[in-house]
Every structure is written in C-alpha cells, then in structure tokens.
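Accompanying notes for the structure given below.
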Amino acid sequence: MVYREPTAPPLMPGTAVASLPAFTAGNATARYAPEGEKPWLELVLYSHAHPESKTALYHNGAKISGEVRVALDAPANLGSIDVWVVISHDSSADAFKPPIAALTVNVWDHKKGDPRSATSSEPFKGEFPAGIFVFPFELPALPEDTLVKHPIKTHGKNMARVPLPPTYFVSQNLGFWGSIRYIAGVNVTREGLGAIDEEFDMPFLYLPLLKPLPHVKTPFPYISTREEWPFHREVVEGWTLTPFGGRGHLHGEAVELEGILGIQDPAVYTAGQMLEFSLVLWSANPRALEALGQPGSVEVEFIQADVYGTNALDPVAASREDEYTKKLATGRAWRADDGRPMNDAPVPVHDLLEFPDPHEGHPLHHSAESHNVEGDLPSRRPPSPAHSHEDFDAHYPLTMSEHFVRLDGEVRVPACSSPSFRYSNMGREYFLNLTIQHPDYAHISPSGGLVAECPVWYVIDRFPHVLAETKHDFDLMAPAVPVSGSVIPVGPDAVHAPVSVGRYTEERRPTSHIVPMRGLI
C-alpha cells in the first residue's frame with residue numbers, strides 16, 4: 001500500500017478566508033538585566049496586535065518579522081545571534097511531544113562579517129564591537145495547517161491535517177492540563193573558556209481568522225408525522241435538527257416528552273450575531289406540554305466547552321464528561337404563535353398548574369383529558385425529533401392523541417477569547433444549550449430538567465472591513481508602526497544590518513532551560 005500524505009483540510013462550510021491589513025504594531029521584549037545594569041539585548045516583533053498591546057499577535061499565514069537590537073558599552077565575546085520561533089503543544093496526556101513547527105534565522109555570526117558595516121563580505125575576527133546595532137529579519141509564512149494523529153484509524157495510517165490551532169491553555173483541578181504555545185526567542189552564543197550562552201523568550205499570540213458568510217434564512221422544515229423525526233442529529237432543508245427526549249413525573253404522574261431543536265445550517269457564528277432557533281416539543285400528555293412548553297420553562301444558554309482527552313478530535317466519540325463548561329450568555333424563548341417579544345420585554349416566568357385533588361375522586365393521570373394545550377400545532381406545523389422510549393413503564397399508560405407545541409428563541413453570541421478548534425487531546429467548542437424545567441415536573445435524568453443542545457462553530461474576523469482577497473507583503477514595517485515596550489533607543493548612530501531571511505527547520509532549539517510542564521503557558 002502506498003502511503004499518501006493527508007490533504008489540507010477544507011474550509012469550514014459557511015466561512016470564507018479572512019483578509020488581513022498590513023501590520024499595525026511593534027512589540028519589544030528585552031532580556032532581563034540585573035539591578036544596576038542596562039538591558040543590552042532586545043527582540044522586536046511586528047504584527048497585527050493593537051498598538052497598546054504588550055504582546056505580538058499573528059493570524060493565518062502571516063510572516064513573522066522584526067528586529068534584534070544590541071546595545072553594548074564595551075566589546076563582548078559574542079559568537080552568533082539567532083532568532084527562533086517554536087510552536088509547541090503539551091498536555092498531561094502527551095507531554096514532551098516534538099514541536100508542531102520550528103523556524104529559525106541567523107542574524108549575525110562571524111561569517112557575516114563586521115557588524116559595523118552593512119556591506120562587509122570578509123569573516124569578522126575578534127570581539128563583537130561596542131555600539132547600537134539593529135538586525136532585521138523575516139521568517140517564512142506560518143503554516144495554515146498541521147499533521148495530527150487522528151483517533152479514527154483508516155487505511156492503516158490514521159493521520160490527518162487540521163487547521164493550525166490558536167494559542168491555548170487549560171488547567172483544571174481534575175487532573176488535566178494542556179497548552180498550545182507560540183514562542184519567539186533569541187539565542188546568543190559566547191566564545192572563550194567558561195563562556196555561558198544566553199537566551200530569552202518572547203511569547204506571542206496566534207489567532208486564526210475566518211469570515212462568516214451571511215445566513216440565508218429558510219423556513220423550518222416540514223415533517224408530516226412524528227415518526228419521520230430523525231433519530232440522530234442531521235441537516236434537513238437547511239436546518240440542523242437535533243432530536244432529544246426523556247421522561248419524568250409531572251405532579252407524580254409519569255410523562256414522556258420528545259423534541260427537536262433546530263438551528264440554521266451551517267451553524268457558524270461570530271461575536272454580535274443573533275443565534276436563532278426553533279424548538280418543537282411533543283407529549284401524549286397535554287398537561288406536560290402546558291407546563292414545559294411555557295417560555296418561562298426554557299432556559300437558553302450559550303456555552304463554552306474546553307474539550308480534553310484522546311477523543312478530542314472525534315466529536316462523535318467525545319464524552320460530555322471530558323470537558324469543562326462555562327456559561328457565556330443567556331437568551332430567551334417565546335411561543336411561536338405569540339411572535340417575537342419586544343427587545344425590552346421582561347424575561348417570562350413559568351406559570352404553576354392547578355391539579356385536582358385526588359381525594360375528591362379525580363385520578364391524576366386522567367386530568368389531562370380535560371385540558372387543551374395552548375398553541376397546539378395544526379397538521380402543517382413542523383414537529384420535533386427523538387424516538388419514543390419503548391421501555392416506558394407499561395403501568396403508566398399514555399393517551400395516544402398527540403400534542404405539539406412550538407417555541408422560537410434567540411441568544412446573542414458574545415465575544416469569545418478563542419475560535420472553535422479541535423487538536424490532539426484538547427479543543428474548544430461552543431454550543432446552544434436549552435434546559436427545559438418546571439416546578440411541577442421532576443425529570444428522571446439529569447435531575448435538572450430536559451436538556452437539548454446543538455454545537456455552534458465560532459469564528460473570529462478582526463478585519464471585516466478589509467475586502468476579500470486583499471494581499472499584503474508582511475515585510476518589515478519598522479518605519480510605519482509604533483513600537484511599545486522598547487528599552488533600547490535606536491538613534492541615527494545605530495548600525496542597521498541587511499535583512500536576514502529565515503527558514504523552517506527540523507532541528508531542536510538549543511536551550512539550557514528545564515521548564516516544568518504544568519507551568520507552561
């Protein structure tokens with residue numbers, strides 16, 4: 001069998017390539033200097049960071065460029081100066097893995113000649129001279145994707161390509177930690193007996209961007225009978241339909257409920273957009289729908305989840321137990337027949353139901369026959385999914401007349417720190433979560449109520465005003481952008497070397513540091 005390199009991942013449906021402007025800022029970090037001494041070595045990175053930011057920020061395919069600044073009051077025994085960029089990932093499941101990628105550039109060594117002359121062609125001998133020197137550099141474009149070992153084994157080689165993940169760190173008390181780090185650094189070798197090489201790091205941020213395409217609204221799909229509801233999540237007529245169901249007790253009476261949660265497909269959103277949904281509930285017990293079909297009984301949440309474990313790359317196999325969740329925003333629901341409420345309308349509360357006194361001869365499980373559910377769906381209205389529980393207790397007979405109720409709702413997508421992504425043993429995802437509950441209803445499992453959820457792919461587009469397909473050559477932008485954090489002034493007496501161009505490398509960066517894995521950020 002001939003092994004074929006996995007192809008690049010396609011764009012997420014519903015997205016387009018984001019366009020970038022020219023670099024907007026420079027960020028400087030100097031090597032630590034003991035008290036009473038002046039910093040003599042500094043790294044400057046030009047990037048898409050905000051001018052007031054203290055950390056460089058890069059996006060898809062950007063070329064990392066910048067300067068190494070050296071300020072010496074006296075000659076020094078320097079042998080070489082190299083810049084490194086290392087993209088690494090570590091976690092409690094696979095620590096000490098090789099880096100995702102490494103890039104390096106030599107900005108000066110003796111072979112490059114006298115640092116005081118930009119045109120020197122002869123090898124330089126002796127100590128590095130005193131003065132202020134600027135060594136500009138440029139590295140190749142960051143990779144768009146990277147190779148991972150996929151948990152689904154196919155063709156004997158379970159390798160796949162995924163988009164380059166963002167800067168990421170997660171740590172919880174339950175024993176899992178993981179990080180994806182982007183580090184730029186400078187390595188300086190010294191010459192002579194007993195000389196100690198020097199190095200320092202400058203972490204930076206990587207944030208992949210995608211442009212969300214406009215949503216084309218389509219009507220909620222028509223499904224003629226409940227038997228046609230999907231058994232699993234699937235796309236029907238432009239909607240992602242998620243079936244769910246469960247059973248519990250309404251004021252002591254056993255009831256069964258099923259539903260469909262629908263959102264427009266593809267479910268790609270960014271900050272500020274309104275995520276709209278439709279919810280259809282079914283029950284043979286109209287009192288159950290009267291209680292749980294109220295807008296006040298539906299809690300709407302936009303949830304962030306940090307996914308971890310060996311199944312992080314396989315959403316189907318991933319367990320809800322292998323994630324940490326956090327509520328980011330709340331929304332609201334309303335009865336479809338009533339229409340969308342005003343923006344300033346108060347959040348509705350649930351109404352309590354009146355139940356007959358069983359001591360007066362009205363068996364509780366017959367009370368539903370005398371009640372009609374407001375908003376019963378006519379035959380043309382779409383239903384909701386989730387197959388029936390065939391093992392439902394036989395001694396709790398349910399009337400066979402079907403009852404439906406439909407609600408619509410929305411939640412505004414908040415600004416999130418990271419886009420959706422999945423990588424080896426870790427990932428970030430977001431989902432719409434509905435919890436349906438009522439004081440008169442006790443759900444069997446989970447005890448908090450009937451739960452419906454649907455994943456949402458969150459993307460970030462920092463520059464929506466930039467026209468598509470805009471191209472920029474991310475060369476050195478030193479004269480055009482401000483530099484923050486610099487402690488080595490560059491005046492007219494500074495010597496500027498020619499631009500050094502770097503490369504990708506399989507070599508490991510030389511380092512004397514021993515860093516505890518859990519301390520990585």
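The values are calculated or read from the model by the stated rules, or taken from the named source; none is laboratory data. Only a predicted model underlies this, so the values are computations on that prediction, with no experimental measurement involved. Please note: Cβ atoms are built from the backbone with ideal geometry, for glycine as well, and neighbour counts cover all protein chains shown.
Count of the range 110-131 residues, restricted to those that are buried (at least 16 other Cβ atoms within 10 Å of the Cβ) and in a strand (DSSP E or B), is 1. One residue alone among 82, 73 is over 20 Å from residue 165 (Cβ atoms), surrounded by fewer than 22 Cβ atoms within 10 Å (Cβ to Cβ) and of a type in the set (Asp, Glu), and that residue is 73.
If you go through the range 26-70 and pick out every residue that is among the small types (Gly, Ala, Ser) and in contact with an Asp or Glu (Cβ under 8 Å, 6 or more places away or on another chain), you end up with 4.
When you scan the range 46-56, do you find a residue that is assigned to a strand (DSSP E or B) and under 21 Å from residue 105 (Cα atoms), even just one? The answer is yes, given that some residue of the range 46-56 is assigned to a strand (DSSP E or B) and under 21 Å from residue 105 (Cα atoms).
The set of residues in the range 62-79 being over 19 Å from residue 29 (Cα atoms) and in contact with a Ser or Thr (Cβ under 9 Å, 6 or more places away or on another chain) consists of 62, 78, 79. Applying the criterion of being part of a loop (DSSP other than H, G, I, E, B) and in contact with a His (Cβ under 7 Å, 6 or more places away or on another chain) to the residues of the range 172-210, the residue that is surrounded by the fewest Cβ atoms within 10 Å (Cβ to Cβ) is 207.
Scanning the range 211-228 for residues that are part of a loop (DSSP other than H, G, I, E, B), buried (at least 18 other Cβ atoms within 10 Å of the Cβ) and in contact with a Gly (Cβ under 9 Å, 6 or more places away or on another chain) returns 215, 220. Answer yes or no as to whether residue 93 is at pLDDT below 90 and not in a strand (DSSP E or B). The answer is yes for residue 93. Note on the range 91-102: residues that are crowded, with 20+ Cβ neighbours inside 10 Å and touching a Lys or Arg at 6+ places or on another chain (Cβ under 9 Å) total 1. Looking at residue 56, is it touching a strand residue (DSSP E or B) at 6+ places or on another chain (Cβ under 7 Å), among the aliphatic types (A, V, I, L, M) and either at pLDDT below 95 or crowded, with 19+ Cβ neighbours inside 10 Å (or both)? Judged against the criteria, residue 56 is a match. Checking 134, 170 one by one, the residue that is over 19 Å from residue 84 (Cα atoms) and assigned by TED's automatic domain parsing to the domain that holds residue 485 is 170 and no other. Of all residues in the range 234-250, at least one satisfies being touching a residue at least 60 places away in the same chain (Cβ under 8 Å), surrounded by 18 or more Cβ atoms within 10 Å (Cβ to Cβ), touching a helix residue (DSSP H, G or I) at 6+ places or on another chain (Cβ under 8 Å) and of a type in the set (A, V, I, L, M, F, W, C).
List every residue pair whose Cβ atoms sit under 9 Å apart, with the two residues 6 or more apart in sequence or on different chains, where the first one lies in the range 426-450 and is within 17 Å of residue 302 (Cα to Cα) and the second, anywhere, is basic (Lys, Arg). Going by the 9 Å Cβ cut-off, the qualifying pairs are 428/422; 429/422; 433/327. Within this structure, residue 378 fails the test of being modelled with pLDDT of 50 or more, in the same structural domain as residue 245 (by TED's automatic domain parsing) and over 40 Å from the mean Cα position of the chain (by Cα). If you go through the range 325-340 and keep only what is of a type outside the set (Val, Ile, Thr) and either exposed (fewer than 15 other Cβ atoms within 10 Å of the Cβ) or closer than 24 Å to residue 270 by Cα (or both), you end up with 326, 327, 328, 329, 331, 332, 333, 334, 337, 338, 339, 340.
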